[in-house]
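The values are calculated or read from the model by the stated rules, or taken from the named source; none is laboratory data. What you see is a predicted model; the values in this text were computed from it and never measured. Positions of Cβ are generated from backbone atoms using ideal geometry, with glycine treated the same way; all protein chains shown enter the neighbour counts. For the accessible areas, the whole protein counts, side chains as well, though only heavy atoms, and no ligand, DNA or RNA atoms are used. Shrake-Rupley method; radii C 1.70, N 1.55, O 1.52, S 1.80 Å.
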Amino acid sequence: MSNKLVTGIALGAVTGAALSMLDRHTRETTVRKVKHFMIDVQYYASNRQEIVDKLQSTASSVQSMYSTFMKDKDFYLEKINEIQELTPQVKDIVLETKEVLTAGIEKAKEKEVPTESVIHL
């Protein structure tokens, strides 16, 4: 059964590729890309050291990005932990501030002058 599945997938891919080649723009683009690919293959076949150098450069770049990411990750995790520790303290400060302001508003309401005693000129 797996042979039929693989065969069906391969036939579908070949059929899809053949049908897409009916479009002129797709055909021209594909031919151009294949030509560039072949030129690159020939170049790197004769200049193997250059591809080795590029691979080493890419590998060192990836390692550098990984180490930077790991350092940044540690920094951000540390900051997240600090925020988690500060959150209850900030919550308490906000609640205390709310209580003080609410008490001040209540006192101000108690001291309001009745409107009957105000003289309008």
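For region 1-49 versus region 83-108, the inter-centroid distance based on Cα atoms is 68 Å.
For the chain, modelled as a GNM whose springs connect Cα atoms under 10 angstrom apart, the maximal fluctuation among Glu85, Glu99, Glu110 occurs at Glu110.
What is the percent carbon and sulfur in the accessible area of the chain, measuring with a 1.4 Å probe over the protein chains and ignoring ligands? Whole-percent figure for carbon plus sulfur exposure: 65. In this simple spin-label approximation, Lys73 and Val6 carry label points 7 Å from Cα along the Cα→Cβ vector, and these lie 3.6 nm apart.
The residues of the chain expose on average 95 square angstrom of accessible surface per residue, using a 1.4 Å probe on protein heavy atoms. Largest GNM mean-square fluctuation among Ile83, Ile39, Ile105, using the chain with Cα springs under 10 Å: Ile105. Once the Cα atoms of helix 24-46 and of the chain are each reduced to a long axis, what angle between those two axes, in degrees from 0 to 90 to the nearest 10, is obtained? Value to nearest ten degrees: 80.
If only the Cβ of Lys and Arg carry +1 and only the Cβ of Asp and Glu carry -1, the dipole of the chain around its Cα centre is close to 1240 debye.
How big is D for the chain, in µm² s⁻¹ as a whole number, if Stokes-Einstein is applied with the Kirkwood radius of its Cα pairs at 4 °C and 1.567 mPa s? The partial results should precede the final answer.
Numbers: Rh = 24.1 Å.
Answer, rounded: 54 µm²/s.
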